[in-house]
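K.L.:
The structure is given below, and queries will be raised subsequently.
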Protein chains: 2
Amino acid sequence: MRKAASCATADMDKAEDRRCVEAEPTQARRFSQARTARSTAILEDYAELIADLTREHGEARTTDIARRLGVTLPTANKSLARLKREGLVTARPYRGVFLTEAGMAMAERVRARHRLVVDVLEALGVPTDAAETDAEGIEHYISEVTLKAFKRFLCRE
Amino acid sequence: MRKAASCATADMDKAEDRRCVEAEPTQARRFSQARTARSTAILEDYAELIADLTREHGEARTTDIARRLGVTLPTANKSLARLKREGLVTARPYRGVFLTEAGMAMAERVRARHRLVVDVLEALGVPTDAAETDAEGIEHYISEVTLKAFKRFLCRE
DNA sequence: ACATGAAGTTAGCTTAGGCTAACTTAAATG
DNA sequence: CATTTAAGTTAGCCTAAGCTAACTTCATGT
């Protein structure tokens, strides 16, 4: 076998040894969480957008969803199929799209989180447009713990 | 055609009209940017990790990369093929992986950004572990403008 | 009332990132 | 030095999200 490139080589001191040995599972867990978040990011975007459109227009149409997301109609359609499968929306063919209870809950949670992220970014001096743009990517990766910290930070501003 | 659910209905005032009409391209652009960032996120993770491993062990082995990322060896292998294709790493079969100039530049940029994001989160009161975990997802969506704002914020702390 | 054009759907292709199974290569050790 | 075991590779499968092309449904305006 190839020369041990593993952390635990004899000439390393105990501290570094320990640090290295624990780096793997910890980091793997973090990446894994990011992957999970990535896979729900799209669901969250759709839920939030459907709630917005419903509020603005009284209904959420697939065309409007596609336009706002900047994707084609078939792409939106396919993604909506996933949301249906996961019980977040209901839709009958050629009719609009409606959030289920679960979908509304997700939308509400996401909306609040989005607002919070934008507010924090602006509080940190990020201009509005950049804050909105970056929030669109960032928001899906904010844990509950971080959310709470953000709230506290804004309060004592 | 179905009743116009578009923004520009007669009974809307000019302000809302304008807001709505501009919402589509703006929001579409934001989502599109998030999608772009998402597609480079993995490249950035690999580049950063390869740099770390090289610094720690003098080489970056596919097994270590896979273990740290929490994916299987074939998955890491396939992703590394993409990094090769995009000119970020070089690798000869059964030998380690090495960053190209471009790869090192990316790794350095990503490392600095990661540090900055963690520091900002901690400054906002997020505990270290959550800060590290969330940063792993967040970092890929931070624009240059936001990065600058973060730096300014940390300075005047 | 029907023609037309927009909205929606379906089929099928691509890329990406996961996985397992099976195989090959390399290196450490008896 | 031969064997065993770890590392790396290849093949092939799956799901997701993007696309275009082609088709169907719907609703509006003449």
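K.L.:
Here's a check for you: in the range A:141-150, which residue that is more than 7 Å from chain B (Cβ to nearest Cβ) and out of contact with any Leu (no Cβ under 9 Å at 6 or more places or on another chain) is surrounded by the most Cβ atoms within 10 Å (Cβ to Cβ)?
P.N.:
A:LYS148
K.L.:
Pairs needed: first member in the range B:89-108, more than 16 Å from DNA strand D (Cβ to nearest atom); second member anywhere, in a strand (DSSP E or B); C-beta distance under 7 Å; at least 6 residues apart or different chains.
P.N.:
B:THR100/B:VAL89; B:THR100/B:THR90; B:GLY103/B:VAL89; B:ALA107/B:LEU99
K.L.:
Taking the stated definitions as given, is A:VAL118 crowded, with 18+ Cβ neighbours inside 10 Å and not in a helix (DSSP H, G or I)?
P.N.:
For A:VAL118, the condition - crowded, with 18+ Cβ neighbours inside 10 Å and not in a helix (DSSP H, G or I) - is not met.
K.L.:
Can I ask one more? Have a look at A:LEU49, A:LEU99, A:LEU80, A:LEU53 and point out the one that is at pLDDT 95 or above, surrounded by 14 or more Cβ atoms within 10 Å (Cβ to Cβ), within 8 Å of DNA strand C (Cβ to nearest atom) and of a type outside the set (D, E, K, R).
P.N.:
A:LEU80
K.L.:
So is B:GLU136 part of a helix (DSSP H, G or I) and at the interface with another protein chain (Cβ under 7 Å from one of its Cβ atoms) or not?
P.N.:
Yes.
K.L.:
Output the residue which, of all residues in the range B:121-133 that are open to solvent by less than 20 Å² (accessible area, probe 1.4 Å) and assigned to a helix (DSSP H, G or I), is nearest to A:LEU154 (Cα to Cα).
P.N.:
B:LEU121
K.L.:
Any residue in the range B:27-50 that is within 7 Å of chain A (Cβ to nearest Cβ) and under 13 Å from B:GLY103 (Cβ atoms) sitting within a Cβ distance under 6 Å of a residue that is among the basic types (Lys, Arg) and part of a helix (DSSP H, G or I)? List the pairs, counting only those 6 or more apart or interchain.
P.N.:
none
The values are calculated or read from the model by the stated rules, or taken from the named source; none is laboratory data. Being a predicted model, the structure only gives us computed values, none of them experimental. Methodologically, a virtual Cβ is constructed for each residue, glycine included, from the backbone with ideal geometry; neighbour enumeration extends over all protein chains shown. Ligands, DNA and RNA are excluded from the accessible area calculation, which covers all protein heavy atoms including side chains. Shrake-Rupley method; radii C 1.70, N 1.55, O 1.52, S 1.80 Å.
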